Amino acid sequence: MMYKDILDHLPYKSTFRFVDRLTYLSEDEVKGEFTLRKDAFFYEDHFPGNPVTPGVILTEIMAQIGLVTLGIYLVVRGQGPSGADANLLYPLLTSTEVSFHKMVLPGDTVYVHSQKQYFRFGKLKCMVVMTDSEGRRIAEGIFSGVIKHVNQPVP
């Protein structure tokens, strides 16, 4: 898997990890994808008989691919806090401003492209766009977050 070293640092368990694959990663941008599993926990009640992916889940996918993986990459490459151990870092989303344009259904694959606006003093700000398999825009927004140190590795 491409960029496995970066994916291994994601602090999420399987049911809340929304990154299947990274297809491109540099110090200025990241591209990745995620396929929404039809049996995901959030479809059972949103909405019974007519499941639709909640906006908060789409936002989380955008944040994990578009902000967290890029932040981890920047820290691992030495652009973050000096002497930072990637296993002791914890990314925190501090703000989002997202516009939604289209629904996402169970089984759909979404594609995320994020471009860094800035990264300084441990704060990362990105413009993130999510599209469907035909390149149609699903959502877009500005995401900001910080990289915090924790005292012990995140399990």
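Every number here is computed from the coordinates shown, using simple stated rules; none is lab data. Treat the numbers as computed from the prediction; the structure is a model and nothing was measured. All Cβ positions, glycine included, derive from the backbone under ideal geometry; neighbour counts span all protein chains shown.
Roughly speaking, what is the stretch gain from V146 to V52, that is 0.36 nm per residue apart minus the C-alpha to C-alpha distance, in nm to one decimal?
Difference between extended and current length: 30.8 nm.
Under a Cβ-Cβ cut-off of 14 Å, what is the net charge of the residues other than R17 that fall near it, where Lys and Arg count +1 and Asp and Glu count -1?
0
Hey, rough spin-label estimate for R17 and S99, points 7 angstrom out along Cα→Cβ, what's it come to in nanometres?
The two pseudo-label positions are separated by 3.4 nm.
By average Cβ neighbour count within 10 Å, what is the ranking of 135-141, 10-16 from highest down?
Result, highest mean first: 135-141, 10-16.
With charges set only on the Cβ (+1 for Lys and Arg, -1 for Asp and Glu), what does the dipole of the chain come to about its Cα centre, in debye to the nearest 20?
Here the chain has a charge dipole of around 320 debye.
Between R137 and D39, 0.36 nm times their residue separation minus their Cα-Cα distance comes to what?
Value of the extension gain: 32.8 nm.
Provide the net charge surrounding L105, with neighbours chosen by a C-beta distance below 13 Å and charges set as Lys +1, Arg +1, Asp -1, Glu -1.
That sum, taken over residues with Cβ under 13 Å, equals +1.
Would you work out which of T109, V75, S99 lies farthest towards the positive end of the dipole of the chain, given +1 charges on the beta-carbon of Lys and Arg and -1 on that of Asp and Glu, about the Cα centre?
Sorting the options by dipole projection puts first V75.
Where does the charge balance sit around S95 when Lys and Arg score +1, Asp and Glu -1, over other residues with C-beta under 13 Å from its C-beta?
Neighbour charge sum, excluding S95 itself: +1.
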